[in-house]
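Taking it in order: structure first as structure tokens, then the write-up.
Values quoted throughout were computed directly from the atomic coordinates according to the rules given, and no laboratory measurement underlies them. If you're wondering where the values come from, they're calculated on a predicted model, not measured in any experiment. Neighbour counts are summed over all protein chains in view; Cβ atoms, including those assigned to glycine, are modelled from backbone coordinates with ideal geometry.
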Ligand SMILES: *Cc1c(COP(=O)(O)O)cnc(C)c1O
């Protein structure tokens, strides 16, 4: 469904500069995701942190011809002769307007879902329940924001029979815009989240804001047993029919009569429109049951019969939101996206793969199953798949399933292979020959891609460190929110990114355009370069022996002493290098490394001015105690000293020298001292250095129970008979020891891990590769997961027990522990 550029101009009320004809099929807001330049309309969004107008030259060069802007580039007719610029006051509003107009073209049921939790699950399950019967267009993944919702609504096309969209808000005032775009005919409120987290007035306000989605809907679905929702809903006179549900109120339109849980199934008996019926679903947790109720109401309302509902409910599949990156066999990297298989989520996964830089340009392979999508011509669907794959750099496609096999002519990828099943693929030579490739696995659940990913993964020790890449980005944005748009950021990824793994973290940060990455030694920088990192890299502790490496790999050293300075100048001169950027460190109180601001400045400036091999790119110092108010006076003195000396240095040069002193704690505590740049370390990895609280959890260290045994009272566990057993106890062995970074001082009941959410103390001495824990009274078995630290057991609990800082625990996780990266 395309629009002519004239039509778009009218719909968004823009003024057009440029006269070329164009048909618009795709909307782009993130230049990195460009796929079909000719048919793309780019919206140059302006946010606190970024300005889409900066990407116009690059996009034009890559073939984009149509732009929505708030400022038309000067000299546009000369610079961009082929382009159309649609000028509006606010590009974000224009995007929303366009989506609204798209929405207006549809006279079909549109489900809008809001609520604190469960939106995505409800949306995905509705898709599973409705798509056998209707052509459903839904938000991809959790595209539910002010930008995500318009992009989702834009995906509706001529075939769409039902739309299902999430609406998520992060601050008051946002729901109005989302309602205007979605214009739900059926509005759903899943729940209000944890009411205990906030005071009553606040939660009521939150409820009112969410209920803005209900204003013009024909049908309203909500849980009437929630007192706040029930109360707030009476404040308005909504015209829509109220299809609320309740477990208490027999008169409720949807009365949940009882919920019966068995081992793996739950049966929900309900009375809807006076008729009793039931359905079963293959889940037993509370959230799933509640979400299924909401889905049942929507489905019944849309004409699914109770019998069919029951059949489809029994087939419900879990909603996996994760996209995992793992090291595979034979030099391969696996990107495993178990999210439902459909073309929009395929596109997002392909985009993710394409945007990860790769060393030596390993080829990109897509293993794809038949896509379950009713209502679409298969040949057209797979032609679109083929287009996307080619545009996103896929050079090998392995199709699994009868439909793809039949449609193989539609696939134009250079190398292509087709198999009826995963098993047939695994037995083939094509599988055996996978080498040095980046492989995206994208399969509908019924094809059993799990067995495939298990075979492709490197077999590792059961202990892994899971790293949440979204959380890294959220933390980055959290700290960016303290800073002005113009302030630059150095992200510290020394010590293998505080244990999280420097390469993948660097790829993520580079994708989010941080200005500098900082590593400790040259070799760390080399590894990054060899893995495709092109961002600026600072080396904090350059060794005298590594200068040539620095020059070869464009790594910018910190310079902290005259000895280092002399050696570096000499080495650069020998190579015939001029103006090599370096970063000058001043010692304002740490007394670790750095020039003395009181006594060294004149000599330093003199020396720098009398050579042209190197050039100071930045000057910086480091706070001793920005994490504690106790040192505020000292920090102030450090800052004053730095301010004075760094200005002195700047005054001696024409070019701008970036000044920086704030680290993570400093960014929060002294945003007024942000200067030109800040250095973000621990905060990026999710720890708020000011209070040791977790911001967004990044790393989770996990293992599994190897063996369990009953140990009698009076007996002992482990080396040197340290673990005395007082009462008969169930003891489990887990494959993690001090060689993995599990500190020995946690042993002998000083620390604990979590087994199925419950505390299990370490018993006896922790061994090199194994530890024993007390699981008496905990419902668990061999093979169950154990959390050493992570989401439920913050790393700061361990560091407190060990009387150390979280840095030490995080960086202590040894290299032999496999890192697994994922993205929600
Ligand atoms: C490690 C380091 C940082 C980062 O400190 P955090 O407290 O982790 O934010 C900043 N500056 C320098 C010089 C560092 O060595």
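Kirkwood Rh and Cα-based Rg: tell me the resulting Rg over Rh for region 478-582, rounded to two decimals.
Ratio value, two decimals: 1.00.
With viscosity set to 1.567 mPa s and temperature to 4 °C, compute the Stokes-Einstein D of region 106-314, Rh being the Kirkwood radius across alpha carbon pairs; µm²/s, no decimals.
Details: Rh = 17.2 Å.
Once the numbers are plugged in, D ends up at 75 µm²/s.
Relative to 2.2 N^0.38 Å, what does the C-alpha radius of gyration of region 623-753 come to as a ratio? Two decimals please.
Values: Rg = 24.4 Å, N = 131, 2.2 N^0.38 = 14.0 Å.
With N residues counted in region 623-753, Rg over 2.2 N^0.38 Å equals 1.74.
Send over the semi-axes of region 3-93's equivalent ellipsoid, whole angstrom and largest first, taken as the square roots of 5 times the C-alpha gyration tensor eigenvalues.
16, 15, 14
Based only on other Cβ atoms within 10 Å, what is the fewest-to-most ordering of 727, 215?
On the way: 727 9, 215 17.
Ordered by Cβ neighbours within 10 Å, fewest first: 727, 215.
Suppose the chain between residue 693 and residue 317 were pulled fully straight at 0.36 nm per residue; how much longer would it get relative to their current alpha carbon spacing? List each step's numbers first, then the result.
Values: separation 376, 0.36 × 376 = 135.36 nm, distance 3.51 nm.
Stretched fully, the residue 693-residue 317 segment lengthens by 131.8 nm.
Can you pull the one-decimal nm distance between simple spin-label points at residue 38 and residue 247, each 7 Å off the Cα toward Cβ?
5.7
Calculate the FRET efficiency for residue 54 and residue 636 from the Cβ-Cβ distance with a Förster distance of 41 Å, rounded to the nearest 0.05.
The value I calculate is 0.65.
Within 10 Å of each residue's Cβ, count the other Cβ atoms and sort 634, 639 from fewest upward.
634, 639
With the crude spin-label approximation of a point 7 Å out along Cα→Cβ, what separation in nm comes out for residue 543 versus residue 577?
1.7
Taking a quarter of the surface of the convex hull around the Cα atoms of region 330-456, what do you get in nm²?
Here the figure is 6.9 nm², rounded to one decimal.
Using helices alone, what [θ] at 222 nm do you get for the chain, with -39,500 (n - 2.57) per DSSP H run of 4 or more residues, divided over all residues and rounded to the nearest 500?
Computed ellipticity for the chain at 222 nm equals -9000 deg cm²/dmol.
Counting pairs of Cα atoms in region 699-793, how many percent are more than 18 Å apart?
Considering region 699-793, 36 percent of its Cα-Cα pairs are separated by more than 18 Å.
Give me the number: length gained by fully extending residue 260 to residue 455, i.e. 0.36 nm times residue separation minus the C-alpha to C-alpha distance, one decimal in nm.
66.4 nm
Less than 11 Å from a label point 7 Å out along the Cα-to-Cβ axis of residue 71: which backbone N atoms in region 10-41 qualify, by residue?
Inside the label zone: nothing.
Using a Förster radius of 60 Å, what is the FRET efficiency between residue 269 and residue 716 based on their Cβ-Cβ separation? Nearest 0.05, please.
0.65
How far is the Cα center of region 518-546 from the Cα center of region 248-326, in Å?
54
How far apart, in nanometres, would the label points at residue 276 and residue 362 be if each is projected 7 angstrom from Cα along the Cα-to-Cβ direction?
For residue 276 paired with residue 362, the spin-label model returns 5.9 nm.
Based only on other Cβ atoms within 10 Å, what is the fewest-to-most ordering of 478, 591?
591, 478
Evaluate E = 1/(1 + (r/R0)^6) for residue 709 and residue 415, where r is the Cβ-Cβ distance and R0 equals 56 Å; express this FRET efficiency to the nearest 0.05.
0.60
Calculate, axis by axis, the spread of Cα positions in the chain along the three principal axes, and write the results as whole Å, longest axis first.
Projected onto its principal axes, the Cα set of the chain covers 89, 89, 64 Å.
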